[in-house]
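No value in this document is a laboratory result; all are computed from the given coordinates. Quick caveat, the model's predicted, so the values are computed rather than measured. Cβ: placed from backbone, ideal geometry, glycine included. Neighbour counts: every protein chain shown.
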Amino acid sequence: MNLIELSGVEFAYPAAPRRARPFRLAPLSFGVAAGEIVGVIGPNSAGKTTLIRLLTGIVRPARGEIRLDGRPLDAVDTWDLARTVAVVPQETPPAFPFTVEQLVLMGRYPHAPDRYFESADDRALAQEAMAATGVRDLAAAPLGSLSGGERQRAVLARALAQRPRLLVLDEPTAHLDLRYQVECATLLRSLNRELGMTILLVSHDLNLAAELSDRLLLMAEGRLVRIGVPEDVLDEATLEAVYGCRVTVAKNQTGDRVHVEIAWPERR
């Protein structure tokens, strides 16, 4: 059964003075099965962030329908949506005036919105989430004192404390060094396999998306170009047409995934 399903979803932003033409999302239809990892890839202005906003109810479709666990998204209560879906945005304001632990505990709020204080279970889940993302030692640190990578891991911990069924991540490794990129990828795979968490991963890193995802969704100019297993989506001719540069696609070292490389122009 699909946890999220889009049927003929269309959306357009109002025309902006500096934009040559308004962005429009073409009719979009696809589903994400419960327990699946789907990677959303595509160049800038493809519609990836708009898709996140639609799935989380920030904006509403002009046409078509989005269903969450079989129910129209418009009919899902705000608190029920917050308990079901957690979002890790690409950027977090550095001046957010809270400590890491306070931020992570905010992930528990949707589970008891009328309660003023956290329970022992809330604190235990927050500690577990901070340990999983490597920020437990930073629990008392103000967010403004953290590096971009530390702040990104704290926001991921907040989402894990939320215990969602669907985890939506927008460029989760953008501010992370190589070590934490590996740890983040390992954590996401563990969440999916051990907890059955459904994950929608938006990424410019085609190889990370291919490594983690069961399926990839390739977007360009507000339309769905291709959806399927990484080996089918990461096709040289398709990627070159979408990104406007030459690439090579080959099997990775283990032979079970494809690997994309830019075909750099020769030096002169």
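Taking Cα centre as origin and charging only the Cβ of basic (Lys, Arg, +1) and acidic (Asp, Glu, -1) residues, the dipole magnitude of the chain rounds to 660 debye. Tell me, Kirkwood radius of the chain from alpha-carbon pair distances, in Å? Roughly 19.6 Å, rounded to one decimal. In terms of other Cβ atoms within 10 Å, Ile262, Ile37 run from fewest to most in the order Ile262, Ile37. Give the longest segment of the chain that steers clear of GluC sites (Glu not before Pro) in DSSP loops with at most 13 neighbouring Cβ atoms within 10 Å, not counting the sites themselves. No qualifying site falls inside 92-265, the longest such stretch.
With a cut-off of 8 Å between alpha carbons and a minimum separation of six or more residues, what is the relative contact order of the chain in percent? Kindly include the intermediate steps, with their values, before the conclusion.
Numbers: 491 pairs, mean separation 64.5, N = 268.
Result for the chain is 24 percent.
Between Arg24 and Ala241, the C-beta separation translates, for a Förster distance of 22 Å, into a calculated FRET efficiency of about 0.65.
Pop the C-beta distance of Phe98 and Ala12 into the FRET formula with R0 = 30 Å and round what comes out to the nearest 0.05. Could you put the intermediate results ahead of the total?
Working: r = 36 Å, r/R0 = 1.20.
The value I calculate is 0.25.
Counting only DSSP beta bridges whose two residues both lie in the chain, roughly 60 percent are antiparallel.
In summary, no helical segment of the chain meets the span-like criteria, namely a full DSSP H run, a Cα extent along the axis of 18 angstrom or more and a mean Kyte-Doolittle hydropathy of at least 0.0. Under the criterion of Cα pairs below 8 Å and six or more residues apart, the relative contact order for the stretch 96-164 equals 53 percent. Here the label points at Ala124 and Leu178, each 7 Å from Cα along the C-beta direction, are separated by 4.0 nm in the simple model. Please name whichever of Leu143, Ala75, Gly222 sits farthest to the positive end of the charge dipole of the chain, dipole taken about the Cα centre and charges placed at Cβ: Lys and Arg +1, Asp and Glu -1. Farthest towards the positive pole: Gly222.
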